[in-house]
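Heads up, the thing below is written out as C-alpha cells.
The values are calculated or read from the model by the stated rules, or taken from the named source; none is laboratory data. Small disclaimer: the values here were computed from a predicted structure and weren't measured. Cβ placement follows ideal geometry from the backbone for every residue including glycine, while neighbour counts extend to all protein chains displayed.
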Amino acid sequence: MMMTERLRNSLNTVSKWGKIAAIFTIITGAFTALCGLPVFLIGAVPGVLLIFSGIYLLKSASAAAQMNKELAEEPHELLMENYAKFIKWQVYYLVANVVLVLLGIILFMIFFFIGMAAGLSETHYYYE
C-alpha cells in the first residue's frame with residue numbers, strides 16, 4: 001500500500017497534536033488527582049483515570065509518528081489499539097465525573113434540607 005501525501009499529513013498532525021494533548025491530559029489528571037485527595041480517595045479517581053487516558057493517547061501519537069516514518073503493519077495495530085484504550089479510559093473518566101457530580105448534588109441537597117430543618121426548629125440554645 002502506498003502512503004498518500006494526505007495520509008502522511010494526517011499522521012503528522014495526529015502525532016504532533018496527540019503528544020501535546022496527551023501531555024496536557026496527564027498534567028490535568030495529576031492536578032485533578034491532587035485536588036481530589038482531600039475528599040478521601042474517591043475524589044482522586046477521575047484524575048487517575050485521566051492520567052491513564054493521557055498515557056494511551058501518548059502511545060497512540062507515538063505509533064502515528066512511527067507509522068509516518070515506515071509503512072509496516074505493527075504501527076497501524078498499535079495506533080488503533082492505543083486509541084481504542086484512550087477512548088475507553090475517556091468514557092471511564094466521564095462516567096466517574098458524572099457520578100461524582102450527582103453525588104455532590106445529592107449531598108448538597110441533604111445538607112441544605114438539614115440546615116433548613118435546623119433553622120425552622122423552635123428550640124433555641126442560649127449560653128450565658
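Looking at residue 86, is it out of contact with any Cys (no Cβ under 8 Å at 6 or more places or on another chain) and surrounded by 19 or more Cβ atoms within 10 Å (Cβ to Cβ)? Judged against the criteria, residue 86 is a match.
Within region 80-100, track down each residue that is aliphatic (A, V, I, L, M) and touching a residue at least 24 places away in the same chain (Cβ under 8 Å).
96, 100
Okay, residues lined up against (1) over 30 Å from residue 12 (Cβ atoms); (2) in contact with a strand residue (DSSP E or B) (Cβ under 9 Å, 6 or more places away or on another chain); (3) of a type in the set (Phe, Trp, Tyr):
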position	(1), (2), (3)
33	yes, no, no
61	no, no, no
67	no, no, no
91	no, no, no
97	yes, no, no
112	yes, no, yes
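Assessment of region 62-78 against the conditions (modelled with pLDDT under 85, polar (S, T, N, Q), assigned to a helix (DSSP H, G or I) and touching a Leu at 6+ places or on another chain (Cβ under 6 Å)) yields at least one matching residue.
Taking the conditions exactly as written (surrounded by 14 or more Cβ atoms within 10 Å (Cβ to Cβ) and touching a residue at least 24 places away in the same chain (Cβ under 8 Å)), does residue 26 satisfy them or not? Considered against the rule, which asks whether it is surrounded by 14 or more Cβ atoms within 10 Å (Cβ to Cβ) and touching a residue at least 24 places away in the same chain (Cβ under 8 Å), residue 26 comes out as yes.
Residues that are among the polar types (S, T, N, Q) and either in contact (Cβ under 8 Å) with a residue 60 or more places away in the chain or surrounded by fewer than 19 Cβ atoms within 10 Å (Cβ to Cβ) (or both) do occur in region 48-67. The condition of being surrounded by fewer than 18 Cβ atoms within 10 Å (Cβ to Cβ), in a helix (DSSP H, G or I) and modelled with pLDDT under 85 holds for only one of 104, 119, 115, that being 119.
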